[in-house]
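Report on one structure; see the data block that follows.
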Amino acid sequence: MKTHSLFNLLKIGITTFGIFFVAGQGAYASDLKGTAFSISLECLNDTTGLLVGQNPNDASGWQYAFDSNKDGMNGNYWVGAAPGTVNPYDISGMAIKETATSVIVAINGNMKLTGEAEQGATGGQIGYGDLFFNMAGKTFDNAMSSGDLFGIHFSSVNASGVQQLGVYSGVQAKTVTDIKEGYTVATYGGLAGGENSYESQVKQGGGVVGYGDLTSSYFTNNGNDNTFNLNVIDSGKYLNGISFLAQGDVTQQLLTTGYEFLQNVLKISHYYFGKFYYALIWPLKGNLA
């Protein structure tokens with residue numbers, strides 16, 4: 001990485017998508033308390049998460065986990081961006097809302113769902129990894145080892161080990177940093193494994209590492225695996241597919257929170273909780289400074 005200059009980090013043109021969980025029978029709020037949601041970019045240039053119950057809800061019932069806006073590594077710009085642009089490798093955070101019958105998870109970031117063009121990356125682009133969630137109260141590695149890790153493959157352009165879009169249980173995760181110009185173990189030390197690791201380079205670039213509600217310990221298994229860099233599903237039990245609906249009811253609720261959406265909705269049905277509805281929603285604009 002070369003010496004950088006810090007430029008405008010205003011969050012404009014933010015991509016936001018949400019995941020609806022609609023329970024078929026009764027409420028599942030108590031089941032979700034303590035659930036850890038997490039997502040990384042394919043290059044591991046930013047990672048964030050939300051822990052259900054960690055923060056109080058706002059007046060509309062939303063709980064937020066805001067990520068550092070100075071921890072998205074952007075090549076020669078470090079945690080900045082070229083003049084007049086935003087850093088595409090910056091994730092802003094997550095929001096979640098629970099009702100008597102549903103849960104909505106929203107993920108906010110500058111990365112387009114179609115990814116950022118990158119000539120050296122397999123497929124010619126770098127995008128979001130898969131979304132993971134863990135209801136067992138364990139670290140990422142321990143949840144995966146015990147079969148308690150879930151994953152959602154929502155992007156057809158990422159390098160996930162599964163092809164079919166949808167929800168997976170019993171997930172084994174893998175890294176695609178080696179084919180996505182990212183923080184490999186051998187060259188960089190992954191997340192926190194040495195002076196060239198993601199965390200070290202963020203600090204060298206004048207940034208502040210953040211993982212939303214989560215900490216480095218969640219991913220590094222309490223420091224036992226500082227080279228952690230898992231970011232997509234390798235394998236898992238397919239639970240159900242996805243289809244698009246016309247509108248998202250969440251749109252107006254989030255207009256006042258900084259999450260602004262177009263009205264596209266992704267639907268997934270799965271009977272682990274009952275029926276789930278996952279909303280894939282795109283922003284008009286947003287600002288999460």
Next on the checklist: Can you report the number of residues in segment 51-63 which are open to solvent by less than 40 Å² (accessible area, probe 1.4 Å) and either in a strand (DSSP E or B) or free of Cβ contacts under 8 Å to residues at least 40 places away in the same chain (or both)?
Outcome noted: 3
Checklist entry - Quick one: what pairs do we get from segment 210-228, first residue on the phi > 0 side of the Ramachandran plot, second open to solvent by 50 Å² or more (accessible area, probe 1.4 Å) and hydrophobic (A, V, I, L, M, F, W, C), C-beta under 8 Å, 6+ apart or different chains? => result G212/F66
Next on the checklist: Test of understanding: among N57, N45, N69, which residue is within 12 Å of the chain's Cα centre (by Cα) and polar (S, T, N, Q)?
Outcome noted: N45
Checklist entry - Which ones in segment 160-175 are more than 12 Å from L239 (Cβ to Cβ) and either surrounded by fewer than 21 Cβ atoms within 10 Å (Cβ to Cβ) or charged (D, E, K, R) (or both)? => result G161, Q163, Q172, K174
Checklist entry - Considering S156, S169, which residue is more than 21 Å from L50 (Cβ to Cβ) and out of contact with any helix residue (DSSP H, G or I) (no Cβ under 7 Å at 6 or more places or on another chain)? => result S156
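Table: residues versus (1) acidic (D, E); (2) touching a residue at least 60 places away in the same chain (Cβ under 8 Å); (3) assigned to a strand (DSSP E or B).
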| position | (1), (2), (3) |
| --- | --- |
| T114 | no, no, no |
| G120 | no, yes, no |
| F133 | no, yes, yes |
| G137 | no, yes, no |
| N142 | no, yes, no |
| G147 | no, no, no |
Checklist entry - Failed condition for A173, given (1) modelled with pLDDT under 95; (2) under 16 Å from the mean Cα position of the chain (by Cα); (3) in a strand (DSSP E or B), with all others met? => result (1)
Checklist entry - Counting just the residues of segment 177-197 that are open to solvent by less than 20 Å² (accessible area, probe 1.4 Å) and touching a Gly at 6+ places or on another chain (Cβ under 7 Å), which one comes out nearest to E116 (Cα to Cα)? => result Y183
Next on the checklist: Being assigned to a loop (DSSP other than H, G, I, E, B), in contact with a Ser or Thr (Cβ under 7 Å, 6 or more places away or on another chain), aliphatic (A, V, I, L, M) and closer than 21 Å to K70 by Cβ: is that true of A159 here?
Outcome noted: no
Checklist outcome for this item: Restricted to segment 149-159 and to residues being touching a residue at least 40 places away in the same chain (Cβ under 8 Å) and over 20 Å from A36 (Cβ atoms), the residue most open to solvent (accessible area, probe 1.4 Å) is V157
Next on the checklist: I'm checking my understanding of the structure. Among residues of segment 106-117 that are more than 22 Å from A36 (Cβ to Cβ) and open to solvent by less than 60 Å² (accessible area, probe 1.4 Å), which one is modelled with the lowest pLDDT?
Outcome noted: L113
Next on the checklist: So, N134, is that one surrounded by fewer than 17 Cβ atoms within 10 Å (Cβ to Cβ) and farther than 23 Å from G123 by Cα or not?
Outcome noted: no
Item to check | In segment 118-131, the residues that are in contact with a Cys (Cβ under 9 Å, 6 or more places away or on another chain) and open to solvent by 50 Å² or more (accessible area, probe 1.4 Å) | outcome: E118
Next on the checklist: For segment 198-208, give me each residue that is among the small types (G, A, S) and either within 14 Å of L230 (Cβ to Cβ) or open to solvent by 10 Å² or more (accessible area, probe 1.4 Å) (or both).
Outcome noted: S200, G206, G207
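The values are calculated or read from the model by the stated rules, or taken from the named source; none is laboratory data. In this text, all values refer to a predicted model and were calculated from it rather than measured experimentally. We place every Cβ from the backbone using ideal geometry, glycine too, and count neighbours over all the protein chains shown. Ligands, DNA and RNA are stripped out before the accessible areas are found, and what is left, the full protein with its side chains, is counted by its heavy atoms. Shrake-Rupley method; radii C 1.70, N 1.55, O 1.52, S 1.80 Å.
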